[in-house]
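Just below is one structure, and these are the notes that go with it.
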Amino acid sequence: MTYARWRGAAALLGLACTCNCSGSGVSSMSDAETTADELSVNIDLSVWKKMHVRAYQKLRVAVTLEAGTRYVARVTDHWGWPSDRPRPPSTLDVDVRVPRGASLTGVVHNRSHDANGTLPDPIPFLAPARVELVLRELDGEGGDFELRLDRESATEPPLAAAPPDGIAVHQAGPLTDLVTVTRFAALVAGGGPDHDAATSALVVAGGHGDAVILRMDDTGGAYATYFVQRGAHAATEIAFDPDGGNTDVDGAALVTLRARADDPWVAQRIDAAEILFIAGGNQTKYVDAWRGTQLAAAVDRLVNRGGAVGGTSAGMHVLGGIVHTPRGAGDSVTSADALADPYLAESERSGSRSLELAPSPFVLPVLRDLVMDTHWTQRGRLGRSLTFLARVLTDEVRPLGSIALLACDEGVAVLVDGSGRGRVFAPAAGGAAFLFRPDVVPGRCADDRTLDWRAGVPFARIEGTMAGDATLDLRGPVGPGRAKVVDGVASAP
């Protein structure tokens, strides 16, 4: 692949675009990378630039940026506009990467927020000196799109007096703001009953300050009360979709949810908190509704100032840098379905959702290179966890050596500090956390083929305790056991 050199004056961003164009059809993808049809363009920051990508082709856009600055890339397509032809449900994949290196965002599906795909998908990232935007058309629908890059705004909105319409808010404890000293901690829990001692430890890390709980469904504010019982000064529980709950969302409903997440009142409540917790529910909906919004930016600010963050079940999934985002009808992907087809698509198998991965809405440095899995032993998720890792490596979302997977049984919670060292809590009945770190790529990870990874993946099983005495290190060695997949059958010693 040729990476064009940056051109342009200091006032401009220089973009060099290589559109690989051989014949149409899926079979041409391997040939496409050997041919180049170059198009050089310059764009200003905060200006939409119209571009074109051909069916089944890949477009690479090399960009020089100010290192250490946060940017937002936005892509909006016009596959169905201005004609009356409806837009395909998923057409363009976007990935912001270090040139010849790791992904900064993971692959983002440019999914339509309206009938014609004319609303942009924001993709926030912290820029190195140079990035590469990779845009790939997968569905045989070549067409026009527009690309825009903005520096993330540092302008603070005016204080909002009231929450946005449509959300449900439950308050426990006083409304007065408590300023206290915190230390960063992240609590990830595998679902099922909450662990009291683990939650109390999260509250201690948050300086017994104010907590905000985020969710979609409205359960009456039980979490707000629970966090105050565990020692928080006060707690605000925000349900973003009391009517829709945890059902999937698209179209106008998604636009509404994103507007709520962009409301200044929401960001201001998070900015005033020391503790942030995400309840269980639907992580796909969390990713779609929150990524690139002011809510997500406020959570990142809480992390950066040393606040305490946690989540259970879907909330655990969405705190990992790479999130399993199942779509469609049916149950979440089982190990059997994942092993049989690592690229299981929406509606491809009756009774099963798709196997998809997306970047988290949030940036937690200690969790950035993790995929999460939950309800682990109870739902037999070894096979699908290994499939998640196989997809990350095969799709080059993260390189070998920088990706790991953390899984928790129900009732188990892991509290990690900024160095990646963690305490493992478990209920009286027992339970464990599992850490997998691949040291070799899978032998076969392909669409409609069984996964094969007979070389195996090193892993550690850490039995939790009621007091959280057991420990793990997200960056330390794992093993000596290896989990293996032989022709679609997973096993672990």
Measure off 7 Å from each Cα along the Cα-to-Cβ vector at LEU400 and ASP448, then give the distance between these two points in nanometres to one decimal.
-> 2.8
List the lysines whose alpha-carbon lies under 17 Å from that of LYS50, not counting same-chain residues fewer than 8 positions away?
-> LYS58
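Which order results if ARG130, ARG423, ARG54 are arranged by neighbouring Cβ count within 10 Å, fewest first?
Fewest-to-most ranking of ARG130, ARG423, ARG54: ARG130, ARG54, ARG423.
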Report ³J(HN,Hα) in whole Hz for each residue of region 270-286, in order, from the Karplus equation J = 6.51 cos²θ - 1.76 cosθ + 1.60 where θ = phi - 60°; Gly and Pro get x.
-> 5, 5, 8, 9, 10, 10, 10, 9, 10, 6, x, x, 9, 5, 4, 5, 4
Efficiency of FRET between ALA455 and ASP248 - r from beta-carbon atoms, R0 30 angstrom, step 0.05 = 0.25
Roughly how many Å is it from the Cα centre of region 251-289 to that of region 439-479, as a whole number?
-> 31
At ALA161 and ASN304, where each label point lies 7 Å from the Cα along Cα→Cβ, what is the point-to-point distance in nanometres?
-> 3.1
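Pull out the extension gain between LYS49 and VAL255, defined as 0.36 nm times the separation in residues minus the alpha carbon to alpha carbon distance; nm, one decimal.
Working: separation 206, 0.36 × 206 = 74.16 nm, distance 2.32 nm.
My answer for the length gained is 71.8 nm.
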Among HIS317, HIS208, HIS233, rank each residue by its count of other Cβ atoms within 10 Å, from fewest to most, as a rough exposure measure.
-> HIS208, HIS233, HIS317
Could you line up PHE425, PHE184 from fewest to most neighbouring Cβ atoms inside 10 Å?
-> PHE184, PHE425
For ASP177 and ARG130 in one chain, what is 0.36 nm times their gap in residues minus the Cα-Cα distance, to one decimal in nm?
-> 12.8 nm
Inter-label distance, nm, simple model (7 Å from Cα along the C-beta direction), ALA222/ARG151 = 4.7
Residues whose modelled amide H sits under 5 Å from the amide H of SER352, counting only those 5 or more places away in sequence or on another chain, are ASP331
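Read-outs: derived from the displayed coordinates by stated rules, not from any lab. Not measured: the values here are computed from a predicted model. Every residue, glycine as well, gets a Cβ built from its backbone with ideal geometry; the counts of neighbours run over all protein chains shown.
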